[in-house]
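Student: Input: one structure, supplied below.
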Amino acid sequence: MDVKSLNKTVLVLSSVLYSLNIILSVSLYTLLEYVSLPISNIALRSILVSVPLISALFNSIILAMITMSLKYAEYYGISKSALAIVIYAGYWLAFRPPSYVLIFMISIIALCIIQIADLFLYAKLQKEMFG
């Protein structure tokens, strides 16, 4: 497989992964709206509940950046995915959510790990193609 066709394959895979992550993040936000976190401060609770929605927004921006092949888009994606892993692991440890919420969080963490691997491959291909 030549570099250009491999690059297209990686772009399609990135699109699918980011789209799935957007869908799961918005679904997790909706679920967290109905599941109460054990926090009495309303403002803090609102911020913590909105994190998946903000994550979905960043995923869509990074997806657009990768689709347009903008410079350093893959590094923004890698750092965003690493940050998402840390945040969702923190949610998991701090709040001990119910299993149906945990399934969403683990799915998003798994997608982020796959995204990181995909974006490292994308960065390698970009360097190989453009120097």
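Student: Would you be able to tell me the number of residues in segment 19-38 that are of a type outside the set (A, V, I, L, M), in a helix (DSSP H, G or I) and either in contact with a Ser or Thr (Cβ under 7 Å, 6 or more places away or on another chain) or within 21 Å of A94 (Cβ to Cβ) (or both)?
Tutor: Matching residues across segment 19-38 total 6.
Student: Out of Y34, Y88, I need the residue that is among the hydroxyl-bearing types (S, T, Y) and out of contact with any helix residue (DSSP H, G or I) (no Cβ under 9 Å at 6 or more places or on another chain). Which one?
Tutor: Unique residue meeting the criteria: Y34.
Student: Continuing with the same structure: Can we say Y88 is out of contact with any Pro (no Cβ under 8 Å at 6 or more places or on another chain), among the aromatic types (F, W, Y), surrounded by fewer than 17 Cβ atoms within 10 Å (Cβ to Cβ) and modelled with pLDDT of 90 or more?
Tutor: Working: out of contact with any Pro (no Cβ under 8 Å at 6 or more places or on another chain): yes; among the aromatic types (F, W, Y): yes; surrounded by fewer than 17 Cβ atoms within 10 Å (Cβ to Cβ): no; modelled with pLDDT of 90 or more: yes.
No, not satisfied.
Student: Counting only residues that are touching a residue at least 40 places away in the same chain (Cβ under 8 Å) and more than 19 Å from K127 (Cβ to Cβ), which one in segment 56-70 is surrounded by the fewest Cβ atoms within 10 Å (Cβ to Cβ)?
Tutor: My answer is S60.
Student: Examine segment 92-103 for a residue that is assigned to a helix (DSSP H, G or I) and within 12 Å of the chain's Cα centre (by Cα), and state whether such a residue exists.
Tutor: No: segment 92-103 contains no residue that is assigned to a helix (DSSP H, G or I) and within 12 Å of the chain's Cα centre (by Cα).
Student: Still on this structure: Give me the pairs, please: first residue somewhere in segment 100-117 and within 17 Å of E33 (Cβ to Cβ), second residue anywhere and of a type in the set (F, W, Y) and surrounded by fewer than 14 Cβ atoms within 10 Å (Cβ to Cβ), beta-carbon distance under 6 Å, and either six or more positions apart or on two chains.
Tutor: Filtered contacts from segment 100-117: no entries.
Student: Being in a helix (DSSP H, G or I) and small (G, A, S) is the filter here; which residues of segment 39-57 pass it?
Tutor: A43, S46, S50, S55, A56
Student: In the set A73, A123, A117, which member is surrounded by fewer than 16 Cβ atoms within 10 Å (Cβ to Cβ), of a type outside the set (F, W, Y) and more than 10 Å from the chain's Cα centre (by Cα)?
Tutor: Being surrounded by fewer than 16 Cβ atoms within 10 Å (Cβ to Cβ), of a type outside the set (F, W, Y) and more than 10 Å from the chain's Cα centre (by Cα) holds for just one of A73, A123, A117, which is A117.
Student: So which pairs qualify, if the first residue must be in segment 1-27 and under 18 Å from A64 (Cβ atoms) and without any contact (Cβ under 8 Å) to a residue 60 or more places away in the chain, the second must be part of a helix (DSSP H, G or I) and hydrophobic (A, V, I, L, M, F, W, C), the Cβ gap must be under 6 Å, and the two must be at least 6 apart or on different chains?
Tutor: I22/A56; V26/A56
Student: Could you identify the single residue in V3, V35, V49 that is at pLDDT below 90 and surrounded by 17 or more Cβ atoms within 10 Å (Cβ to Cβ)?
Tutor: When all the criteria are applied, what remains is V49.
The values are calculated or read from the model by the stated rules, or taken from the named source; none is laboratory data. Since this is a predicted model, take the numbers as computed values, not measurements. Cβ coordinates were reconstructed from backbone atoms using ideal geometry, including for glycine residues, and neighbour counts include every protein chain displayed.
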